[in-house]
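Here the structure comes first, spelled out in structure tokens, and everything after it is commentary.
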2 protein chains.
Amino acid sequence: MQSALLEHIQTKISLKAEEQELLLSKIESKKISKKELLLQEGEICDFLCFVAKGCLRLYIINEKGNEQTLQFGIENWWITDYMSFDNQKPSHFYIQAVENSEIVLIHKNDIEYLFSEIPQLERYFRMILQKSFAASQMRIKFLFTMSAEERYHHFNNSFPEFVQRVPQYMLASYLDFSAEFMSKIRSGKI
Amino acid sequence: MQSALLEHIQTKISLKAEEQELLLSKIESKKISKKELLLQEGEICDFLCFVAKGCLRLYIINEKGNEQTLQFGIENWWITDYMSFDNQKPSHFYIQAVENSEIVLIHKNDIEYLFSEIPQLERYFRMILQKSFAASQMRIKFLFTMSAEERYHHFNNSFPEFVQRVPQYMLASYLDFSAEFMSKIRSGKI
DNA sequence: TAAAAAACTTGAAGTACTTCAAGAAATAAG
DNA sequence: CTTATTTCTTGAAGTACTTCAAGTTTTTTA
């Protein structure tokens, strides 16, 4: 799973052997089982998390006590509360494994050190973040312009294989409608 | 307005004199008047836009022909369609000046050249994008958990001076409700 | 393989908004 | 100043969803 990260990084930049070693020495690879929490509301997020295998999600628990998923992260994506990470303030979010997963963590201190030793890494994360923000701009467009049913069909067409991997109620909340409404859309009763 | 950009960059990284000169040689500073368009749907966005003075917005025109504002950019913010910029594909968005403004553009070719000559710039943009994405994560949280009225009051409390600068109907669409509903919220009739 | 837990479905009732249409107020332009 | 344009307001009617509650199916665990 370390190598999954290295490989992904090397699709964007190239690292010398000693840089690769340094990087590997500063990361923490671990397995995390389904439903296990990586971050809880109120904790400070001091890591960047790369998903080598499996699926994680970032969610909140709203006033009514319901979970609402804001982001999913699958293979080769990063998932992190950047607000908490940047400012080292308590998080508003939970991060949880949706499947048994293999992840790679880089802690805040270590990433700062790595940036200083391997300046190219800044480029890698700039590219990652640029893609993430671009996706986020499109996401807001979809939320603003499509009805619940359109969002469901659009997502289904765009990521048919992913839809099979997560419970419907998580996907419903990600698309910003209720699980019951999703069920009605799927049954064609709407 | 060039110096506004240089100053902002130097709050995050430090540049040598020759790097500053190189940067200044590759940017395009211009004035843009209220309502003028910087980007239209269907065009390819080949620039990053820094707002030195004034206010711009990124918006769409939906199926009913109504404008919906997805982002505002004021002094010291960047506003760009990153999806179109990254992939050099036609944009889904319009970018327009909300006030008479002073902006700085960096074109795609130039930014790539600048990154190669001034690696530290990658760091600056990584930091910018990390903040932007963090803000975007919070924005989705607010959209998911707050009612229209709560979103209005929260925004009003967070950015009271900004609320004065833009027409209410733009702000309403940014907060994802209708101009008429905003009017009712403000009058206390809801 | 039985029991428990998690996920999905269904219908009925409610609600937070939107849409429409028309007029009033504020701002900009000549 | 005077008119045109843009922005804001108001009420009435409509709708795309949510919520609740209960039952069914599927998956997980022991």
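What follows draws every value from the coordinates through simple rules; no lab data is involved. None of these values were measured; they are calculated from a predicted model. FYI the Cβ positions are ideal-geometry reconstructions off the backbone, even for glycines, and counts take in every protein chain you see.
Relative protection proxy for B:103-110, A:5-12, from highest mean packing down: B:103-110, A:5-12 (other beta-carbon atoms within 10 angstrom). Averaged over the residues of A:118-131, the number of partner chain Cβ atoms lying within 10 Å of the residue Cβ comes to 6. Each residue of the stretch B:54-70 was assigned a 3J(HN,Hα) from its phi angle through the Karplus expression (A = 6.51, B = -1.76, C = 1.60, θ = phi - 60°), giving x, 7, 10, 9, 10, 9, 10, 10, 7, 4, 7, x, 8, 7, 10, 7, 9 Hz with x at Gly and Pro.
Estimated from the Cβ-Cβ distance and a Förster radius of 45 angstrom, the FRET efficiency linking residue B:7 and residue A:187 is about 0.20. What shape does the stretch B:14-76 have by the C-alpha gyration tensor, where a ≥ b ≥ c are the square roots of the eigenvalues, rounded means a/c under 1.5, and otherwise prolate means a/b greater than b/c and oblate the rest? It comes out prolate by the Cα gyration axes. Taking 7 Å steps out from each Cα toward its Cβ at residue A:25 and residue A:88 produces label points 2.4 nm apart.
Remark: mean inter-chain Cβ contacts per residue of B:80-87 equal 5, using a 10 Å Cβ-Cβ cutoff to other protein chain atoms. Cα convex hull, the stretch A:87-127: 123 Å³ per residue, rounded to a whole number.
Among A:163, B:98, sorting on how many other beta-carbon atoms sit within 10 Å of each Cβ, with the fewest leading, yields A:163, B:98.
Charging the Cβ of each Asp and Glu at -1 and of each Lys and Arg at +1, and nothing else, the dipole of the stretch B:1-119 about its Cα centre rounds to 320 debye. The 3J(HN,Hα) values that the Karplus relation (6.51, -1.76, 1.60; θ = phi - 60°) gives for the stretch A:177-186 are, in residue order, 8, 7, 4, 5, 5, 4, 4, 5, 4, 4 Hz. Gly and Pro appear as x. Please compute, over every Cα-Cα pair in the protein assembly as shown, the percentage with a separation greater than 30 angstrom. Counting every Cα pair in the protein assembly as shown, those more than 30 Å apart make up 43 percent. Counting Cβ atoms of other protein chains within 10 Å of each residue's Cβ and taking the mean over peptide B:140-147 gives 6. Using only side-chain charges placed at the Cβ, +1 for Lys and Arg and -1 for Asp and Glu, the dipole size of the stretch A:79-190 relative to its Cα centre rounds to 460 debye. Close amide H pairs (under 5 Å, H built 1.01 Å from N) link residue B:44 with B:91, residues at least 5 positions away or on another chain. With Cα atoms defining each centre, the stretch A:75-141 and the stretch B:111-161 are spaced 14 Å apart in the structure. Each residue of the stretch A:93-104 was assigned a 3J(HN,Hα) from its phi angle through the Karplus expression (A = 6.51, B = -1.76, C = 1.60, θ = phi - 60°), giving 10, 10, 10, 9, 7, 8, 10, 4, 9, 10, 10, 10 Hz with x at Gly and Pro.
Note on chain A: dipole from Cβ charges, positive end direction compared against A:39, A:101, A:147; the farthest Cα belongs to A:147. For the peptides B:135-141, B:182-188, the ranking by packing is B:135-141, B:182-188, with the highest mean count of neighbouring Cβ atoms within 10 Å listed first. Across every direction, the projection of the convex hull enclosing the Cα atoms of the stretch B:1-154 has a mean area of 9.9 nm². Listed by chain and number, the lysines whose C-alpha is less than 23 Å from the C-alpha of residue A:12, apart from same-chain residues fewer than 8 away, are A:26, A:53, A:108, A:131, B:89, B:108, B:131. With a Förster radius of 41 Å applied to the beta-carbon distance between residue A:112 and residue A:34, the computed FRET efficiency rounds to 0.80.
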